[in-house]
Amino acid sequence: MNIEIILSIIGGLYATFKWIYEYSENLKWNRNKFMLDEIDKFRSIQTTKSVEKILDWNGINVEVYGTEIYVNDEILFEALQTHDVKQKFSKDEVLLRNLFDEYFDNLTKLIYMCETKMISSNNFKLFMSYWLDILSSKNKNKPKKVHDQILRYLEYYRFFTLKNYLIK
């Protein structure tokens, strides 16, 4: 075979493999950018900010749907009781339940994105590990009964995807 043909083939293969590599790196970049955009959207929602304050502190004033309320671990525990245990909730407890439902719905959407590989599960965990660790009780800043109640709430109200993600 002619050396020019061999060099042409090698050059063509090099260009093809280089293009494939650059294309795959671009896909990773775009996927990670998409993930960061989705996490930014999630983190910018007022309900997310309020829930994360509640999770981060053992007692704090937070805005819940335009109403400022004081939330401590005992109030949180009571608000997250399931209907098989408690049927009547105070106005503040109802606000907290709605707040956590919205937070859990939005967090579940992100987890669905991980499961469908729209976003990288490993990178998602890197950015959300602090909050996921609180919810799953790996971070012990909440009393055990509050952690257990969060998991019971997730189970009872069928946030199965989120609960399973947390207990992996």
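Sort out which residues of segment 137-164 are part of a helix (DSSP H, G or I) and among the hydrophobic types (A, V, I, L, M, F, W, C), and write them in order of number.
Narrowing segment 137-164 to residues part of a helix (DSSP H, G or I): 144-156, 160-164.
Selection gives Val146, Ile150, Leu151, Leu154, Phe160, Leu162.
Is there any pair with a first residue in segment 123-141 that is free of Cβ contacts under 8 Å to residues at least 12 places away in the same chain and a second that is part of a helix (DSSP H, G or I) and surrounded by 18 or more Cβ atoms within 10 Å (Cβ to Cβ) whose Cβ atoms are under 7 Å apart and which are 6 or more apart or on different chains, and what are they?
Lys125/Leu132
Taking only segment 142-167 into account, find how many residues are out of contact with any Phe, Trp or Tyr (no Cβ under 8 Å at 6 or more places or on another chain), among the β-branched types (Val, Ile, Thr) and touching a residue at least 40 places away in the same chain (Cβ under 8 Å).
1
Name the single residue that is surrounded by the most Cβ atoms within 10 Å (Cβ to Cβ) among those in segment 76-112 being touching a Ser or Thr at 6+ places or on another chain (Cβ under 9 Å) and more than 25 Å from Gly66 (Cβ to Cβ).
Ile111
Looking at segment 117-136, which of its residues are outside any helix (DSSP H, G or I) and either touching a strand residue (DSSP E or B) at 6+ places or on another chain (Cβ under 9 Å) or not basic (Lys, Arg) (or both)?
The first filter runs over segment 117-136 and keeps only residues outside any helix (DSSP H, G or I), leaving 117-120.
Listed by number, the residues that qualify are Met118, Ile119, Ser120.
Would you be able to tell me the number of residues in segment 113-168 that are of a type in the set (D, E, K, R), out of contact with any Ser or Thr (no Cβ under 8 Å at 6 or more places or on another chain) and under 28 Å from Leu27 (Cα atoms)?
Count: 3.
Do we have Ile119 as modelled with pLDDT under 90 and either in contact with a helix residue (DSSP H, G or I) (Cβ under 6 Å, 6 or more places away or on another chain) or loosely packed, with under 13 Cβ neighbours inside 10 Å (or both) here?
On the way: modelled with pLDDT under 90: yes; either in contact with a helix residue (DSSP H, G or I) (Cβ under 6 Å, 6 or more places away or on another chain) or loosely packed, with under 13 Cβ neighbours inside 10 Å (or both): yes.
Yes: the conditions hold for Ile119.
The conditions are (1) in contact (Cβ under 8 Å) with a residue 24 or more places away in the chain; (2) not in a helix (DSSP H, G or I), and Ile60 fails exactly one of them. Which is it?
So the condition that Ile60 fails would be (1).
Leu107 versus (1) over 17 Å from the mean Cα position of the chain (by Cα); (2) in a helix (DSSP H, G or I): which is the lone unmet condition?
(1)
In segment 13-51, which residue that is of a type in the set (Phe, Trp, Tyr) and farther than 30 Å from Asn61 by Cα is surrounded by the most Cβ atoms within 10 Å (Cβ to Cβ)?
To start, the set of residues in segment 13-51 that are of a type in the set (Phe, Trp, Tyr) comprises 14, 17, 19, 21, 23, 29, 34, 42.
Remaining after also requiring farther than 30 Å from Asn61 by Cα: 14, 17, 19, 21, 23, 29, 34.
Numbers: Tyr14: 10, Phe17: 10, Trp19: 10, Tyr21: 10, Tyr23: 9, Trp29: 10, Phe34: 14.
Of everything passing the filter in segment 13-51, Phe34 is surrounded by the most Cβ atoms within 10 Å (Cβ to Cβ).
The values are calculated or read from the model by the stated rules, or taken from the named source; none is laboratory data. Bear in mind the structure is a predicted one, so any value in this text is a computation, not a measurement. Glycine gets a Cβ as well: all are built from the backbone with ideal geometry, and neighbour counts include every protein chain shown.
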